[in-house]
Amino acid sequence: NFSRVTEFILLGLSDTRELQILSFAFFFLAYAMVLLGNLLIIVVVRTDPKLSSPMYFLLCNLSFLDICCISVTSPRMLVDLLSQRKTIAFEDCIAQLFFLHFVGASEMFLLTVMAYDRYAAICKPLHYTTIMSRQVCWVLVSACWAGGFLHSIVQTLLTIQLPFCGPNTIDNYFCDVPPVIRLACTDIYVTEWLMVSNSGLISLACFLVLVTSYTFILVTVRVRFPEGHWKALSTCTSHVMVVTLFFAPCIFIYLRPFSTFPSDKHICVIYTVLSPVMNPLIYTLRNNEVKASMWKLWKCCKV
């Protein structure tokens with residue numbers, strides 16, 4: 001007798017009550033930091049005419065994506081941490097899966113565009129205004145969103161065509177492709193490799209492009225501006241650390257057969273929570289122009 005699964009049970013990060021309360025406090029603080037920090041960045045960039053360069057336009061979009069990314073998983077996780085039974089309807093699970101990959105892939109593409117922007121600014125300064133004009137920026141950002149949507153719709157369609165009629169327990173705190181499709185009542189070999197070639201290769205390709213861009217930047221600065229080499233090295237190193245924090249877990253999770261390891265759900269915390277927390281700290285608090293604009297906005301608010 002065929003019966004379709006109508007809901008999934010999320011096991012969460014831990015079944016110990018004390019750890020759940022500590023996790024709730026930590027993730028609530030992280031969520032609040034991401035919301036407030038990125039909203040502040042968006043307001044500052046939008047209100048200060050001095051921050052009108054392509055870099056800040058892209059940074060503003062990154063802040064918006066960070067808010068979306070953490071909002072896909074954190075609110076439900078916070079509710080589940082205080083609940084006894086952690087269930088999610090099948091439709092809600094698929095929706096969460098879709099928006100997670102939509103926003104996540106869009107952010108991958110945007111980080112790649114941001115690295116290209118820095119490459120153009122430093123390695124081709126005379127042509128920068130032409131290469132990264134306002135129109136080009138809008139086209140690139142639109143392409144990031146379109147690429148994220150295309151990636152996500154493929155993942156979602158491959159998932160919903162599978163029959164789910166048996167187990168409904170997901171060893172994670174949110175719905176994602178690997179743990180969900182392993183619950184299907186059919187052979188998923190072909191579907192699994194289609195998804196690996198989609199998610200895994202996109203993550204790896206974007207990461208390689210990012211590392212290559214920053215390598216070209218360092219080489220160019222060392223040759224042309226030797227006095228600024230160490231400052232560029234410090235900036236590029238911090239950026240590479242942040243993108244590695246985002247891409248390395250994605251590559252580990254998606255660029256392999258979808259066998260579920262107990263550590264997977266803890267690794268997922270890195271790119272769904274920690275990376276959005278780190279982005280505003282690295283990309284803005286190390287930037288003197290943004291800090292000056294924040295201080296000016298603060299003084300205006302006090303008046």
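The values are calculated or read from the model by the stated rules, or taken from the named source; none is laboratory data. Not measured: the values here are computed from a predicted model. All Cβ positions, glycine included, derive from the backbone under ideal geometry; neighbour counts span all protein chains shown. The protein model used for the area step is the full one, side chains on, heavy atoms only, and it has no ligands, DNA or RNA in it. Shrake-Rupley method; radii C 1.70, N 1.55, O 1.52, S 1.80 Å.
Listed residues Arg46, Arg85, Arg76; which is closer than 27 Å to Thr16 by Cα, over 14 Å from the mean Cα position of the chain (by Cα) and surrounded by fewer than 17 Cβ atoms within 10 Å (Cβ to Cβ)? It would help to see each step written out before you state the result.
On the way: Arg46 fails: closer than 27 Å to Thr16 by Cα; Arg76 fails: surrounded by fewer than 17 Cβ atoms within 10 Å (Cβ to Cβ).
Step by step, each of Arg46, Arg85, Arg76 is checked, and only Arg85 is closer than 27 Å to Thr16 by Cα, over 14 Å from the mean Cα position of the chain (by Cα) and surrounded by fewer than 17 Cβ atoms within 10 Å (Cβ to Cβ).
Condition (residue is farther than 25 Å from Met294 by Cα and buried (at least 17 other Cβ atoms within 10 Å of the Cβ)) applied to region 51-70: is it met by at least one residue?
Going residue by residue through region 51-70, those that are farther than 25 Å from Met294 by Cα are none.
No, region 51-70 contains no residue that is farther than 25 Å from Met294 by Cα and buried (at least 17 other Cβ atoms within 10 Å of the Cβ).
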Item to check | Only listed residue being in contact with a helix residue (DSSP H, G or I) (Cβ under 7 Å, 6 or more places away or on another chain), surrounded by fewer than 19 Cβ atoms within 10 Å (Cβ to Cβ) and outside any strand (DSSP E or B), chosen from Phe98, Phe102, Phe109, Phe24 | outcome: Phe24
Checklist entry - Scanning region 27-38 for residues that are within 11 Å of Val277 (Cβ to Cβ) and in contact (Cβ under 8 Å) with a residue 40 or more places away in the chain, which turns out most open to solvent (accessible area, probe 1.4 Å)? => result Met33
Next on the checklist: Report every pair of residues separated by at least 6 positions or lying on different chains whose Cβ atoms are under 6 Å apart, first residue within region 66-78 and at pLDDT below 95, second crowded, with 18+ Cβ neighbours inside 10 Å and outside any helix (DSSP H, G or I).
Outcome noted: Thr73/Phe174; Met77/Tyr173
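Does Gly166 count as open to solvent by 10 Å² or more (accessible area, probe 1.4 Å) and either at positive phi or in a loop (DSSP other than H, G, I, E, B) (or both)? So that I can check it myself, show each step before the final result.
On the way: open to solvent by 10 Å² or more (accessible area, probe 1.4 Å): yes; either at positive phi or in a loop (DSSP other than H, G, I, E, B) (or both): yes.
Spelling it out, Gly166 is indeed open to solvent by 10 Å² or more (accessible area, probe 1.4 Å) and either at positive phi or in a loop (DSSP other than H, G, I, E, B) (or both).
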Item to check | Residue, modelled with the lowest pLDDT, within region 146-163, restricted to residues that are surrounded by fewer than 18 Cβ atoms within 10 Å (Cβ to Cβ), in contact with a Ser or Thr (Cβ under 9 Å, 6 or more places away or on another chain) and of a type in the set (A, V, I, L, M, F, W, C) | outcome: Leu162
Next on the checklist: Here is a list: Leu204, Leu208, Leu126. Which entry is open to solvent by 50 Å² or more (accessible area, probe 1.4 Å), part of a helix (DSSP H, G or I) and at pLDDT below 90?
Outcome noted: Leu126
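Going through region 169-201 one residue at a time, which ones are in a loop (DSSP other than H, G, I, E, B) and in contact (Cβ under 8 Å) with a residue 24 or more places away in the chain?
Here is the first cut: in region 169-201, the ones in a loop (DSSP other than H, G, I, E, B) are 171-176, 182-188.
If the condition is that a residue be in a loop (DSSP other than H, G, I, E, B) and in contact (Cβ under 8 Å) with a residue 24 or more places away in the chain, then Asp171, Asn172, Tyr173, Phe174, Cys175, Asp176, Arg182, Leu183, Thr186, Ile188 are the ones that fit.
Does at least one position in region 62-79 carry a residue that is hydroxyl-bearing (Ser, Thr, Tyr) and more than 30 Å from Ile160 (Cβ to Cβ)?
Pass one, region 62-79, residues hydroxyl-bearing (Ser, Thr, Tyr): 63, 71, 73-74.
So of that shortlist, the ones also more than 30 Å from Ile160 (Cβ to Cβ) come out as 63.
Yes - at least one qualifying residue is present in region 62-79.
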Checklist entry - Got at least one residue in region 164-186 being modelled with pLDDT of 90 or more, out of contact with any helix residue (DSSP H, G or I) (no Cβ under 8 Å at 6 or more places or on another chain) and within 27 Å of Leu110 (Cα to Cα)? => result no
Next on the checklist: Out of the residues in region 251-280 meeting the condition of being hydrophobic (A, V, I, L, M, F, W, C) and modelled with pLDDT under 80, tell me which one is surrounded by the fewest Cβ atoms within 10 Å (Cβ to Cβ).
Outcome noted: Phe261
